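A.B. asks: I'd like to ask you about the structure that follows.
Here, each number is a calculation from the coordinates, and none is a lab measurement. Computed from a predicted structure; not experimentally measured. When we count neighbours, we look across all protein chains shown, and the Cβ atoms used for this are built from the backbone with ideal geometry, even at glycine.
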Amino acid sequence: MSLSEGQLSALRNLSRKQSGQEVDWISIADARALTELGLAERNREGWNITPAGVAVLTVHEVDNG
C-alpha cells in the first residue's frame with residue numbers, strides 16, 4: 001500500500017496518540033484518506049488508528065527501518 005508523506009505522518013501521529021503521547025496537528029484531508037483506506041476512524045474524541053493502520057505502519061517501519 002502506497003501512502004503519501006502526509007498520510008504516513010498522520011498515521012504515525014495517530015499511533016503515538018493511541019499510546020497516550022502528545023501529537024502534532026493532523027491534516028483532516030490525510031485523516032479522511034486514511035479513513036477511506038480503513039487505517040483510521042473518527043469518533044467524538046477525534047481520529048484514531050485502526051488495527052489495520054497499526055499493521056500497515058508496522059510493516060512500513062520495518063521495511064524502511
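A.B. asks: Suppose we keep only residues that are outside any helix (DSSP H, G or I), among the small types (Gly, Ala, Ser) and without any contact (Cβ under 8 Å) to a residue 24 or more places away in the chain within segment 16-45. Which one would you say is nearest to Ser2 (Cα to Cα)?
C.D. replies: Gly38
A.B. asks: So which residues in segment 3-15 are assigned to a helix (DSSP H, G or I) and either touching a strand residue (DSSP E or B) at 6+ places or on another chain (Cβ under 6 Å) or surrounded by 11 or more Cβ atoms within 10 Å (Cβ to Cβ) (or both)? Lay out the reasoning, then the answer.
C.D. replies: To start, the set of residues in segment 3-15 that are assigned to a helix (DSSP H, G or I) comprises 5-15.
If the condition is that a residue be assigned to a helix (DSSP H, G or I) and either touching a strand residue (DSSP E or B) at 6+ places or on another chain (Cβ under 6 Å) or surrounded by 11 or more Cβ atoms within 10 Å (Cβ to Cβ) (or both), then Gly6, Gln7, Leu8, Ser9, Ala10, Leu11, Arg12, Asn13, Leu14, Ser15 are the ones that fit.
A.B. asks: Across segment 33-53, which residue is farthest from Asp63 (Cα to Cα) among those that are surrounded by fewer than 14 Cβ atoms within 10 Å (Cβ to Cβ) and among the charged types (D, E, K, R)? Quick ask: steps written out before the conclusion?
C.D. replies: Step one: filter segment 33-53 for residues surrounded by fewer than 14 Cβ atoms within 10 Å (Cβ to Cβ), giving 36, 38, 42-46, 51.
Retained after the next criterion (residues that are among the charged types (D, E, K, R)): 36, 42, 44-45.
On the way: Glu36: 23, Arg42: 28, Arg44: 33, Glu45: 31 Å.
Looking at residues that are surrounded by fewer than 14 Cβ atoms within 10 Å (Cβ to Cβ) and among the charged types (D, E, K, R), I get Arg44.
A.B. asks: Restricted to segment 47-63, and to residues that are free of Cβ contacts under 8 Å to residues at least 12 places away in the same chain and more than 13 Å from Met1 (Cβ to Cβ), which residue is nearest to the chain's Cα centre (by Cα)?
C.D. replies: Result: Pro51.
A.B. asks: Within segment 20-31, is there a residue that is surrounded by fewer than 16 Cβ atoms within 10 Å (Cβ to Cβ), closer than 18 Å to Val56 by Cα and either among the small types (Gly, Ala, Ser) or within 10 Å of the chain's Cα centre (by Cα) (or both)?
C.D. replies: Within segment 20-31, not a single residue is surrounded by fewer than 16 Cβ atoms within 10 Å (Cβ to Cβ), closer than 18 Å to Val56 by Cα and either among the small types (Gly, Ala, Ser) or within 10 Å of the chain's Cα centre (by Cα) (or both).
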